[in-house]
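These notes are about the structure you will find just below.
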Amino acid sequence: MGSPPAASPAAAKGIPAATVARLPVYLRALAGVAARGVDTISSGALAEAAGVSSAQLRKDLSYLGSYGTRGVGYDVEYLRFQIGREVGSAHDWPVIIVGLGNLGTALANYSGFSSRGFRVVALVDSAPELVGRQIHGLTIGDIADLERLVADSGAAIAVIATPAEAAQAVADRLVECGITSILNFAPVVLTVDGAVTVRKVDLGQELQILAYHEQRKADEPAAGRIGIGPAGPRRIDREPASNRRIVS
């Protein structure tokens, strides 16, 4: 049976969930600047790389401790270590992926897991044509053997990339195996015990949210937009045709 992930230092300290969600973003930004050979970075530069304000960055990092030096900034490698320790990337978390369709296969092939402290240890699917195939040296196991595969691999975290109709049954079996952390890519809400942590990634939903914003941009009035004409810059207020006016 897979051992559940221990509570992270971040969770133990009561760090706000929103801050915890931003810590991996800071870690990725730090990895980027480290790759460019940067040893020390200011809060402003790190905030810009992470896409947040300097005030937000400083507030988030204050929950972890005082790792910056006034007038100097942050030691990149030391801050990477401290944030990595908080979010658990200093550990080697064994992961099982259930569902090896296009998405599951892409996840199994993703090379970024290892650099963030995750190791894919087992692959599972129900399709006879997939069972027995190998991805990066791992043989895809049969869903019928799920319980044994979880136990043999020591998986602590599960990724569900199955069709929606199969996800709940898979989640139930994983929880019975002792898995308490699930990343769900299936487009369905899972019902699990309160002790189980589920993170849902719905790609279709995310695209629809983007489409909503795109539609808003297309439909919103253009009041305040600047147009350039023969007479120079002018503000264009878009109103009904009968009331439309141009202000020079």
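Annotation: extensible slack from Asp39 through Tyr63 equals 6.4 nm (criterion: 0.36 nm per residue apart, minus Cα-Cα distance).
Note on exposure: Lys200, Lys217 ranked by accessible area (1.4 Å probe, complete protein assembly) read Lys217, Lys200, with the most exposed listed first. Each of Ala17 and Ala211 was given a label point 7 Å from its Cα along the Cα-to-Cβ line. The distance between the two points is 2.7 nm. Please give me the summed charge of the neighbours of Ser43: other residues whose Cβ is under 11 Å from its Cβ, Lys and Arg +1, Asp and Glu -1. Combined, the nearby Lys, Arg, Asp and Glu give +1.
Distances between placed amide hydrogens fall under 5 Å for Lys200 paired with Asn184, all partners being 5 or more residues away or on another chain. Of the listed residues Arg80, Arg70, Arg199, the order by accessible area with a 1.4 Å probe, largest first, is Arg70, Arg199, Arg80. Placing +1 on the Cβ of every Lys and Arg and -1 on the Cβ of every Asp and Glu, with nothing else charged, gives segment 83-189 a dipole about its Cα centre of roughly 380 debye.
The values are calculated or read from the model by the stated rules, or taken from the named source; none is laboratory data. These numbers were taken from a predicted model, which means no experiment stands behind them. No Cβ is skipped: glycine too gets one built from the backbone with ideal geometry, and neighbour counts run over all protein chains shown. Accessible surface areas use protein heavy atoms only, side chains included; no ligands, DNA or RNA. Shrake-Rupley method; radii C 1.70, N 1.55, O 1.52, S 1.80 Å.
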